[in-house]
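Asks: Quick one: the structure is below, questions incoming.
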Amino acid sequence: MSDTPFPLDASDWSAIALTLKLAGLVTFLLLVIGTPIAWWLARTRSWWRRPIGAIVALPLVLPPTVLGFYLLLLMGPEGPLGVLTESLGIGLLAFTFPGLVIASLVYSAPFVIQPLQSAFESIGERPLDVAASLGASPFDRFVSVVLPMSRSGYVTATILGFAHTLGEFGVVLMIGGSIPGATRVLSVQIYDHVQAMDYASAHWLSAGLLVFSFVILFGLRLFGPSERRN
Amino acid sequence: MDPAIAVRFTRRYADFALDLDLTLPGRGVTALFGPSGSGKTTTLRVIAGLERAQHARIEVNGELWQDDASGTFIPVHQRRVGYVFQEASLFDHLDVAANLDYARRRANTDGAPGVQCDRLIELFGLGPLLVRKPASLSGGERQRVAIARAVLSHPRLLLFDEPLAALDHPRRGEILALLQVLHAELDVPSLYVSHSADEVARLADHLVLLDAGRVVASGRLHETLARIDLPGRFSGNASTVVDACITAIDDGDHLTTLAFPGGSLFVPRGSGAIGERVRCRIDARDVSITLSPPASSSILNSVRASIVGVADTDHPAQCLVRLDAGGSALLARITRRSWQQLGLHNGMPVWAQVKAIALLE
């Protein structure tokens, strides 16, 4: 291995595929789930927007291990989610790919919801009032006004959600362990390489991740929608 | 029942309450006029259904839009209101054609033909703008598109919230002229919020005066403007509107003769042609009273009138005299001293000298 210039083996490629699958799936699910949450946070005047907003933002500041620890308890045989999944015959989610997806949804939620929320907020009341007066129903208003006007928010949310899920480590380690093909994602693979003193492989993967992350963040600034607001 | 617009609601704020009960004509232009903070915009928003109020009942030409007593609330998008906001509110992500189309595709026409899109584009001069994005339009252009878009939604009621306030003077004149043509062609009742007396005098058929959340007066434009019992803030800038007809144009002196029931008036020649009906506005400060026909005065316009009333103004030195000139009301703001020295009294025949006339064409 060490004498080949390109040392990535099957387990590396499997980790890369798994990581892309996880990040893609989590980003997609977060855009779907996050849209109504962000819309509610942007529009409501309820007192509850404060605690809910704080909960959504929590993963920004919490050590991933803390998050992973509680998710592990939640999904474990004694946890409510674990009891539920066992009674449904799915079994326990900890150390499985679906478990990793759920954990990543929580972990990456603020990176998707917050850009969407600020995009929705920047639209303001006026375009919605106008659309309503022109005969657009609430759903019609969302599709014909809110979505196109929040395009840049969706681009940002997609990229940040994807990139952040790509790089998660602490939560994965707590909830997923390092099962090849199921939970061993890139960051864990890199960690394992370093543990095994295989710095060459670690380099390749790390540099790849670094370049990839740079390229999408740079692309966001280069080709992304301008920051012009109405 | 005659078609009419009935609006009643209460809206409480920390420091003031808006309490309205209005019955307005179901056609023509009704102006809501009053100082800022008097509740004009809120009234429009409540009528449109964009804002909730208490004890609201809103009926427009036989359609019940809202009745809090029975729990009726038709949402905004089903009320069919055309709302024109102060600053143009075009969708920035759509070009002009798509903005117009947005309204047209959602318009509920009930099979009625409504106004033709092509005609509106021509009238408002939107042809060259169709492919442009709102961001590249001037303020006046945007407002023209916004008005056309509101009309294309085939509204049962048009609401204008100071649509010209953000524009410069020449642009205002242009759009006012368009609105005059539009109202003449369109059989849709309009509520027009403004704090410009000139806009109101030009456009309105009916006038509602609002102050601090209450209706001070509501009635036909000409009569309401000529009232002398209004609070100081309205009588301070009192003026009346006279409908006249162009009967002669003197090319030598460049004067146009306007005939109205009270006599003839001369104004500098404008664009009007003989036979055209025009509306003119006469400020109470530009009207003075003499007892005999003024023989040696530079003021060209003097008409016979009789005094029908007098009231205080916002200044103790002056009073507001209501005159009747052949059925047309004029107001004269003169000093108390003149009133006494000339021995003026109700029913007295006098001459009204008019120094300036604004032709609202």
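Asks: In this structure, is B:VAL321 touching a helix residue (DSSP H, G or I) at 6+ places or on another chain (Cβ under 9 Å), open to solvent by 40 Å² or more (accessible area, probe 1.4 Å), over 16 Å from B:PRO261 (Cα atoms) and part of a strand (DSSP E or B)?
Replies: no
Asks: For the stretch A:162-214, which positions are among the charged types (D, E, K, R) and touching a helix residue (DSSP H, G or I) at 6+ places or on another chain (Cβ under 7 Å)?
Replies: Scanning the stretch A:162-214 gives A:GLU168, A:ARG184.
Asks: Tell me the residue from A:ALA157, A:ALA131, A:ALA119, A:ALA103 that is open to solvent by less than 10 Å² (accessible area, probe 1.4 Å), assigned to a helix (DSSP H, G or I) and within 11 Å of chain B (Cβ to nearest Cβ), please.
Replies: A:ALA131
Asks: Determine whether A:MET174 is away from every other protein chain (no Cβ under 14 Å), surrounded by fewer than 21 Cβ atoms within 10 Å (Cβ to Cβ) and at positive phi.
Replies: No: the conditions fail for A:MET174.
Asks: Let me ask you something else. Within the stretch A:81-88, is there a residue that is more than 10 Å from chain B (Cβ to nearest Cβ), small (Gly, Ala, Ser) and out of contact with any Gly (no Cβ under 7 Å at 6 or more places or on another chain)?
Replies: yes
Asks: Related question: Being at the interface with chain A (Cβ under 10 Å from one of its Cβ atoms), assigned to a loop (DSSP other than H, G, I, E, B) and free of Cβ contacts under 8 Å to residues at least 40 places away in the same chain is the filter here, so list the residues in the stretch B:55-86 that pass it.
Replies: Across the stretch B:55-86, the qualifying residue is only B:PRO75.
Asks: For the stretch B:170-210, which residues satisfy the criterion of being polar (S, T, N, Q) and under 15 Å from B:ARG27 (Cβ atoms)?
Replies: The answer is B:SER190, and nothing else.
Asks: Residues A:VAL112, A:VAL194: which one is at pLDDT 90 or above, in a helix (DSSP H, G or I), under 18 Å from A:LEU220 (Cα atoms) and β-branched (Val, Ile, Thr)?
Replies: Matching residue, one of A:VAL112, A:VAL194: A:VAL112.
Asks: Could you tell me whether the stretch B:221-231 includes any residue that is surrounded by fewer than 19 Cβ atoms within 10 Å (Cβ to Cβ) and modelled with pLDDT of 90 or more?
Replies: Yes, there is a match, as at least one residue in the stretch B:221-231 is surrounded by fewer than 19 Cβ atoms within 10 Å (Cβ to Cβ) and modelled with pLDDT of 90 or more.
Asks: Residues that are surrounded by fewer than 15 Cβ atoms within 10 Å (Cβ to Cβ), at pLDDT below 90 and closer than 25 Å to B:PHE234 by Cα: does the stretch B:287-308 have at least one?
Replies: Checking the stretch B:287-308: not a single residue is surrounded by fewer than 15 Cβ atoms within 10 Å (Cβ to Cβ), at pLDDT below 90 and closer than 25 Å to B:PHE234 by Cα.
Asks: Tell me, which residue of the stretch B:35-46 that is assigned to a loop (DSSP other than H, G, I, E, B) and surrounded by fewer than 20 Cβ atoms within 10 Å (Cβ to Cβ) is farthest from the chain's Cα centre (by Cα)?
Replies: B:GLY37
Asks: Can you confirm whether the stretch B:47-54 contains a residue that is within 14 Å of another protein chain (Cβ to nearest Cβ), surrounded by fewer than 22 Cβ atoms within 10 Å (Cβ to Cβ), under 13 Å from A:VAL130 (Cα atoms) and without any contact (Cβ under 8 Å) to a residue 24 or more places away in the chain?
Replies: no
Asks: Now for a different question. Identify, from the list A:GLY124, A:GLY99, the residue that is among the small types (Gly, Ala, Ser) and more than 19 Å from A:ARG151 (Cβ to Cβ).
Replies: Answer to the selection: A:GLY99.
The values are calculated or read from the model by the stated rules, or taken from the named source; none is laboratory data. This structure is a prediction, so every number in the text was calculated from the model and none was measured. Glycine gets a Cβ as well: all are built from the backbone with ideal geometry, and neighbour counts include every protein chain shown. For accessibility, only protein heavy atoms count, side chains too; no ligands or nucleic acids. Shrake-Rupley method; radii C 1.70, N 1.55, O 1.52, S 1.80 Å.
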